[in-house]
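Any read-out appearing in this document is the output of simple, stated calculations on the displayed coordinates, not a laboratory observation. Since the model is a prediction, treat every value here as computed from it, not as a measurement. Backbone-built Cβ (ideal geometry, glycine too); neighbour counts: all protein chains shown.
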Amino acid sequence: MESKKLLMEIQGKIMGLNNDDLNNLIDTIKFRRNQISQEAKKMFKVGDKVFFVGKRNKGKVEGKITKINKKYIIVDEIHGMMSWRVSPTLLERS
């Protein structure tokens, strides 16, 4: 409940920001998201079996990591011919 209150307070303060302040806030959020993604990427290596919930087929996709790029991880489906480019934050170990 405390986090909900904090979020509402933050949202209220955002509404009072000018354009320059909003741009600075957006840059800060992008930086933090990148940090989180980099931390998540370190948890995986090529050959790991992973899964994620796909947007296109609305289901669980199981696969194997074949390549780790700067921003995305390439996952080849175990039961299929598809190869997916997935954000590390969306992956979980099988």
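What is the sum of charges, Lys and Arg at +1 and Asp and Glu at -1, for the other residues whose Cβ falls under 11 Å from the Cβ of Asn34? Neighbour charge sum, excluding Asn34 itself: +4. Computed over segment 2-41, the Cα gyration tensor eigenvalues convert (square root of 5λ each) into semi-axes of 23, 17, 4 Å, ordered from largest to smallest.
All Cα-Cα distances of the chain, cut into 10 Å bins from zero to the largest, leave 15, 33, 23, 21, 8, 0 percent in each bin in turn. Net charge of the neighbourhood of Lys64, taken over other residues with C-beta under 10 Å away and scored Lys/Arg +1, Asp/Glu -1, is -3. Over all orientations, segment 49-93 has a Cα convex hull whose mean projected area works out to 2.8 square nanometres. Taking every C-alpha pair closer than 8 Å and separated by at least 6 residues, the mean separation divided by the residue count of the chain gives a relative contact order of 22 percent.
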